[in-house]
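In what follows, a single structure is set out as structure tokens and then discussed.
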Amino acid sequence: MIECRAVGAMGANCYLVSCPETRKAALIDPGANGSGIQEWVNEKGVQVEYILLTHGHFDHIGAVDKLRELYQAKVGIHKEDAVMLTSGAHNLSRMLGRSYEFKPADFLLEDGQVLQVGNLNLTVIATPGHTLGGVCFLTSEGLLSGDTLFDGSIGRTDFPGGSYDELIKSVVKKLLVLPEDTKVYPGHGPETTIGREKRENPFLQ
């Protein structure tokens with residue numbers, strides 16, 4: 001089961017991916033409002049085992065340490081974005097006059113890695129372009145695309161580590177090859193499908 005809650009001033013989508021049989025769960029991109037996310041998780045009655053990050057920008061990682069400690073969950077991020085957890089300069093929070101600095105990740109994500117959450121599998125797909133270490137997570141219910149692919153758009157590439165060419169390559173070679181009915185759950189905004197983006201996304205025509 002994939003459920004979504006937008007958090008923080010940037011409206012980043014935090015996802016709760018849970019296994020209905022075992023009640024095990026993973027939180028994806030808990031960007032802010034840790035107390036609100038805690039209430040949400042507790043309402044669902046699930047056990048959070050992982051906190052997984054699609055990339056390291058501040059609006060996707062802001063509640064990591066609070067929730068890691070609360071649930072004793074393991075935090076995973078791609079190695080190319082790992083420094084963003086511990087550096088306000090790298091996660092861009094310093095640009096806003098604050099500095100978000102957190103503990104290092106508990107483990108590093110790799111392309112093709114499969115994480116088991118109860119009876120669910122989450123497959124890591126490396127999609128650099130928005131950041132050097134951007135990833136998506138593929139489940140049987142759909143694709144959690146972070147800031148790589150949006151409804152009718154793609155992620156920004158003008159931040160440090162961004163590359164328009166790399167992002168387009170990631171989307172075309174890694175994501176558009178998925179079945180067209182694959183649901184896409186992005187890092188901001190509404191969900192979409194792979195088929196819709198292939199047909200209508202102006203950046204992919």
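The values are calculated or read from the model by the stated rules, or taken from the named source; none is laboratory data. As the structure is a computational prediction, the values presented were derived from the model and not from experiment. Cβ atoms come from the backbone with ideal geometry, glycine included; neighbour counts cover every protein chain shown. Surface areas here come from the heavy atoms of the whole protein model, side chains and all, with no ligands, DNA or RNA. Shrake-Rupley method; radii C 1.70, N 1.55, O 1.52, S 1.80 Å.
I need every pair where a residue in region 185-205 that is in a helix (DSSP H, G or I) has its Cβ under 9 Å from the Cβ of a residue that is at pLDDT below 95 and open to solvent by 40 Å² or more (accessible area, probe 1.4 Å), sequence separation at least 6 or different chains.
Short answer, once both residue conditions are applied: Arg199/Gln205.
Checking the condition of a type in the set (Lys, Arg) and within 16 Å of the chain's Cα centre (by Cα), which residue from Lys79, Lys66, Lys103, Lys44 passes?
On the way: Lys66 fails: within 16 Å of the chain's Cα centre (by Cα); Lys103 fails: within 16 Å of the chain's Cα centre (by Cα); Lys44 fails: within 16 Å of the chain's Cα centre (by Cα).
Every option except Lys79 fails the conditions.
Please verify whether Thr123 is part of a loop (DSSP other than H, G, I, E, B) and either touching a residue at least 40 places away in the same chain (Cβ under 8 Å) or over 17 Å from Pro190 (Cβ atoms) (or both), treating the condition exactly as stated.
Details: part of a loop (DSSP other than H, G, I, E, B): no; either touching a residue at least 40 places away in the same chain (Cβ under 8 Å) or over 17 Å from Pro190 (Cβ atoms) (or both): yes.
No, not satisfied.
Has region 104-118 got any residue that is free of Cβ contacts under 8 Å to residues at least 24 places away in the same chain, of a type outside the set (S, T, N, Q), part of a strand (DSSP E or B) and farther than 19 Å from Ile194 by Cβ? If you could, list the steps in order and put the result at the bottom.
Going residue by residue through region 104-118, those that are free of Cβ contacts under 8 Å to residues at least 24 places away in the same chain are 104, 112-114, 116.
The next check asks that each one be of a type outside the set (S, T, N, Q); those that pass are 104, 112, 114.
From what's left, part of a strand (DSSP E or B): 114.
Among the residues that remain, those that are also farther than 19 Å from Ile194 by Cβ are: 114.
Yes: one or more hits.
Report, by residue number, each residue of region 130-180 that is under 16 Å from the mean Cα position of the chain (by Cα), β-branched (Val, Ile, Thr) and in a helix (DSSP H, G or I).
Answer for region 130-180, where residues must be under 16 Å from the mean Cα position of the chain (by Cα), β-branched (Val, Ile, Thr) and in a helix (DSSP H, G or I): just Val171.
I'm checking my understanding of the structure. Among residues of region 71-93 that are more than 19 Å from Val48 (Cα to Cα) and assigned to a loop (DSSP other than H, G, I, E, B), which one is most open to solvent (accessible area, probe 1.4 Å)?
My answer is His90.
Enumerate the pairs (first residue in region 153-173 and within 18 Å of Lys198 (Cα to Cα); second residue anywhere and acidic (Asp, Glu)) with beta-carbon separation below 7 Å, excluding pairs fewer than 6 apart on the same chain, so at least 6 apart or on different chains.
Going by the 7 Å Cβ cut-off, the qualifying pairs are Gly155/Asp147.
Checking the condition in contact with a strand residue (DSSP E or B) (Cβ under 9 Å, 6 or more places away or on another chain) and either surrounded by fewer than 13 Cβ atoms within 10 Å (Cβ to Cβ) or more than 22 Å from Ser18 (Cβ to Cβ) (or both), which residue from Leu96, Leu108 passes?
On the way: Leu96 fails: in contact with a strand residue (DSSP E or B) (Cβ under 9 Å, 6 or more places away or on another chain).
Criteria check complete, one pass: Leu108.
List every residue pair whose Cβ atoms lie under 8 Å apart, where the two residues are 6 or more positions apart in sequence or sit on different chains, the first residue falls within region 37-50 and is within 19 Å of Ala6 (Cα to Cα), and the second residue, located anywhere, is acidic (Asp, Glu) and modelled with pLDDT of 95 or more.
Lys44/Glu3
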